[in-house]
Structures are given as C-alpha cells and as structure tokens.
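Data first, discussion second: the structure below is written as structure tokens.
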Amino acid sequence: MSGEKTRNNKGSEPGEVLPPDDVLFGRSAVMQAVRQRATRICGTNVPVLLSGSGGTGKEVLARWIHNHSPWSNGEFVKVNCAAIPGSLFESELFGYEKGAFTGANTSKPGRVELAHHGTLFLDEIADLTMPLQSKLLQFLQDGRYTRIGDESERAVETRLICATGKNLEEEIEAGGFRADLYYRINVVRLRLPRLRERCEDLPLLAEYFRTQFQKKFTKQSEALSVEMLRYLQNLDWPGNIRELSNRIARHVLIGAEAKMEHEPVARQREPVLRSAGGAGAVPLKEIAREAVREREKSFILEALQANQWNRRKTARALKISYRALIYKIHNAGLRSRRAQSLTSGRTSTLDSPPASAD
C-alpha cells in the first residue's frame, strides 16, 4: 500500500471548522490537564483511547490530535462502529474485490486504506461484536489485512484513535469486550469530563456557538446576559456540549421564545438545603423544581410586559395555548396592572383581568 495517494483535508469534513484551542479546552483545570496530555502524544504513533459520556467532544478532540500530528496531511477517517451493521462492517473496514459477493460490481477500498498515512478513528468501539473484535485485533497487531474476495495481503500505516462512552473494564467483566483488544487500544487514555464538571468553561462555549450559529443562519441574536449564563452554569446538562450547542441554536433561531422550550432540570450545587425553619433538609428534586418554577415565572412576566399584558399575544409569543398561559399565570401568582392598583380588599390575579387585556 506504500505510495497510495491521499487527500489533504486536515482532518475535517467539507465546511467543518474546528473550534480554536482556547474554546476547545477552555480554562478549567480538568480540561487543561487533557490538553497537556494530548499535546505530549500528538507526535507519537501510539493508539489513543478517548472515553467520556456522549456529547463531551471526543470526535472533536480526535480531529485536534490528528491535525497536530505528523499524519495531518493524510485522511482523518471516521468509522462509527455502532452505526454500521455487523454484516457490513468487515467490508466497510477492509474493502472488497469485484465479484466478492452479490452486488459487488466494482472493487472498493476499505476505511483502513483511506486512512493510510492518516488517522483511523473508531468511534463507539465497545459496540463491536466479538467476532469483529477478533478481526480488528488481528489487523492492529501487524497492520496487515485482506480485502474480501482477495487472497493477497495489504499493509497500511495509520494512526489509531478509538472512542467509547462505555466503561470498557465493566464490558470486559461482563464478557462483552476482549481484554487483549482493550490493552492494544488503551496505550494512552484521555477522559473527557462532563459539561457540569467544567461549568466555568460554559460562557466561552456558549458565546462561541452563538457566533457560529449567527454566521450559519445569517441571523443576529440577543447577547447572553450574565444572569442567563449563571443560570446555564447551574443546569445538569445530561447531553453535555452537544445539548448546549442545540440550546444556543434555538436561542439564535427563535430568540427569547426558546427560553421556555425543552427546559433542562436545574441542578443545585449543594446536596441539601435546610428549610427556613430549620426543621430538616429539603429534597434536592424539590429545590430543582422550585428553581424551574421561579425561572418560568420570570420568563412569563417578561413576555407579558413585552406584550403590554395582552394574554393572547403573550401566549402566541411563548408558543403555548391561551388556556395553558392562564393556568401558569394563576399558579405563578402574577397580577395584572389593574389588579396591582386595587386595594387589598379587591385584589385579583390575571385569571380574571379586564376584557381589554385580551
């Protein structure tokens, strides 16, 4: 396979731009440790295992390692082990010759050939079946393979990076992953933290996404306030950076109305909060629900004020039904301008405003 031509795409898909280093790694101590370790291994051709929950940026880091390595002029070839059916995985990985099976009308190179003098990125490697793990291990041992339908062996030189969101040690214990393959791919391991573990990086990430989506959608958006950023930093973010990206995309496209949609569950940093009377601890879930209720109340009040307390216009702006808005107003204890001006004996809530309020 020596002398095979490769395309120089610098490890990115067409139109894809990797974030600047200060955005990718942020300022948190945990990500600075990842950066230092990744920098040390960029120039060495050792297998790297990236671990971390979904949405933490494993593929982005893999591309960064490729772009900062001596193999950056070669291809960055991604193989999603979970997305390719097992019956097709071998032909996708190693390629096939014409006539090897029904429908093989031409010869096709595999992903490993495309990654010659580049980087082979095996994402979700824990999802490979045991037979496919054996074939992959055989290839990794000497860098040689055979196309389906061919008898001659071929050789490639490629940088290997694997990623998984699963605990491979537990998979080995359960008999779902080969220990010898684990030791082959786990020469250097980099763990990417959850977004909630690096919340100090959230403002930088959020502003980067806002700038990128403004360019993508050709649309200006409201800047993220300090209050909003603090609120975002206290959310749980089960979807991690991917979830943050989606939320900022909604913010750019929809604006203030997006604040009410798909609200994540708020997270309180302290495990418990003592009640005002000191009688005992308030459950964490109740604290989270109260935080969400207060935030929803604030958004509804802002929308009402923006629409001169016209409830039907407010409901349309928030994209909820008129009945749902009335219910939320009543539960939130919000009062109309007219009610606020009445005496204590005639106080009313917005569920019974003057007709002109509609």
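The values are calculated or read from the model by the stated rules, or taken from the named source; none is laboratory data. As the structure is a prediction and not an experimental result, all values here were calculated from the model. Don't worry about glycine lacking a Cβ; one is built from the backbone with ideal geometry, like all the others, and counts go over all protein chains shown.
Given the criterion modelled with pLDDT of 95 or more, surrounded by fewer than 15 Cβ atoms within 10 Å (Cβ to Cβ) and closer than 18 Å to L122 by Cα, identify the matching residue among R184, R178, R189.
Sole residue among the options that is modelled with pLDDT of 95 or more, surrounded by fewer than 15 Cβ atoms within 10 Å (Cβ to Cβ) and closer than 18 Å to L122 by Cα: R189.
So which pairs qualify, if the first residue must be in the stretch 55-78 and outside the structural domain of R159 (by TED's automatic domain parsing), the second must be outside any strand (DSSP E or B), the Cβ gap must be under 6 Å, and the two must be at least 6 apart or on different chains?
No pair meets every condition.
For residues that are within 24 Å of the chain's Cα centre (by Cα), part of a loop (DSSP other than H, G, I, E, B) and surrounded by 20 or more Cβ atoms within 10 Å (Cβ to Cβ), tally how many sit in the stretch 65-79.
Number of matching residues: 1.
If we keep just the residues of the stretch 192-229 that are touching a Leu at 6+ places or on another chain (Cβ under 8 Å) and either among the aromatic types (F, W, Y) or without any contact (Cβ under 8 Å) to a residue 24 or more places away in the chain (or both), which is surrounded by the fewest Cβ atoms within 10 Å (Cβ to Cβ)?
It comes out as F217.
Check every one of the helices (runs of 4 or more DSSP H) wholly within the stretch 156-233 and list those with 3 or more residues that are closer than 30 Å to G118 by Cβ.
Values: elements: 168-173, 179-185, 202-217, 226-233.
It comes to 168-173, 179-185, 202-217.
Taking the options V30, V48, name whichever one is hydrophobic (A, V, I, L, M, F, W, C) and either at pLDDT below 90 or in contact with a Pro (Cβ under 7 Å, 6 or more places away or on another chain) (or both).
V30
Would you say I148 is surrounded by 14 or more Cβ atoms within 10 Å (Cβ to Cβ), modelled with pLDDT of 95 or more and over 29 Å from A249 (Cβ atoms)?
It is false that I148 is surrounded by 14 or more Cβ atoms within 10 Å (Cβ to Cβ), modelled with pLDDT of 95 or more and over 29 Å from A249 (Cβ atoms).
Hand me the list of helices (runs of 4 or more DSSP H) wholly inside the stretch 234-323 holding 1 or more residues that are at pLDDT below 70 and not assigned by TED's automatic domain parsing to the domain that holds L205. Explain how you work it out, then say what you get.
On the way: elements: 240-254, 284-306, 311-318.
Here the list reads 284-306.
Scan the stretch 88-95 and give yes if some residue there is surrounded by 22 or more Cβ atoms within 10 Å (Cβ to Cβ), at positive phi and in contact (Cβ under 8 Å) with a residue 24 or more places away in the chain, otherwise no.
Yes, the stretch 88-95 has at least one match.
Are there any pairs with C-beta distances below 7 angstrom linking a residue in the stretch 166-184 that is closer than 25 Å to R194 by Cα and in the same structural domain as G55 (by TED's automatic domain parsing) to a residue that is at pLDDT below 95 and aliphatic (A, V, I, L, M), with the two at least 6 apart or on different chains, and if so which?
From residues that are closer than 25 Å to R194 by Cα and in the same structural domain as G55 (by TED's automatic domain parsing), there are no pairs.
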